[in-house]
Amino acid sequence: MKVAKTGQNFISDGSTILVHSCSKVVFYTLREAARVNKRMTVFVTESCPSKAGLVMNKWLQEEGIKSQVISDSAIGFFLEKVDLVLVGAEVVVKNGGIINRIGCYPLAVCAAAVNKPLYVLVESYKFSQIYPLKQEDIPHKFRAQEVGVDYTPPKYVTLLITDLGPLATAAVSDVLMQLYV
């Protein structure tokens, strides 16, 4: 997977990483880093109410990656201990923000408050022309999901790591024009 190969370059040997919920592309990236002999410790948010973080933790441990599930409400405490935050995305919107599993937005705000980079690992087919400005602007088709989603504005995203390479959030509208025009 191209995103994983690019994303593992942002992980240094000995890193401590916080991930949110369960994302296959985040998992593949961590697995790729482990396969090139990078040692890491991963904290995984439980991701209530779905508890998807438990699945992510299981996948990581099966790969021999040191990981621990943490309560969603403990992110502030654990952010002081990490080097970076990795999240996936359900959708990358036109302004470079993301729609992701509920809890991603407060995680991003807290990461910014303690100057920790937040990298979004995502395939370009998830780029969308939608343009939410606040939580209520998330289209109903995404909000109706069983697990719930929230909107993270682009100012909290350090970089999008995609199959097209690393992208600044400001580049999303240009990429959308290239992909769909």
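We did not get these values from a lab; they are worked out from the coordinates using the rules stated. On a predicted model such as this, the values are computed, not experimentally measured, just so you know. Using ideal geometry, Cβ is built from the backbone for each residue, glycine included, and neighbour counts are taken over all protein chains shown.
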*Considering the stretch 48-77 alone, what residues qualify as being small (Gly, Ala, Ser) and in contact (Cβ under 8 Å) with a residue 12 or more places away in the chain?*
Ser50, Ala52, Gly53, Gly64, Ser67, Ser71, Gly76
*Tell me which residues, restricted to the stretch 55-64, are hydrophobic (A, V, I, L, M, F, W, C) and touching a strand residue (DSSP E or B) at 6+ places or on another chain (Cβ under 6 Å).*
Met56, Leu60
*Here are some conditions: (1) surrounded by fewer than 16 Cβ atoms within 10 Å (Cβ to Cβ); (2) under 15 Å from the mean Cα position of the chain (by Cα); (3) assigned to a helix (DSSP H, G or I). Ala112 meets all but one. Which one does it not meet?*
(1)
*Got at least one residue in the stretch 78-94 being free of Cβ contacts under 8 Å to residues at least 60 places away in the same chain, under 28 Å from Gly14 (Cβ atoms) and of a type in the set (Val, Ile, Thr)?*
no
*Mind telling me which of the residues Thr41, Thr6 ends up being over 12 Å from Leu86 (Cβ atoms) and in contact with a Gly (Cβ under 8 Å, 6 or more places away or on another chain)?*
Thr6
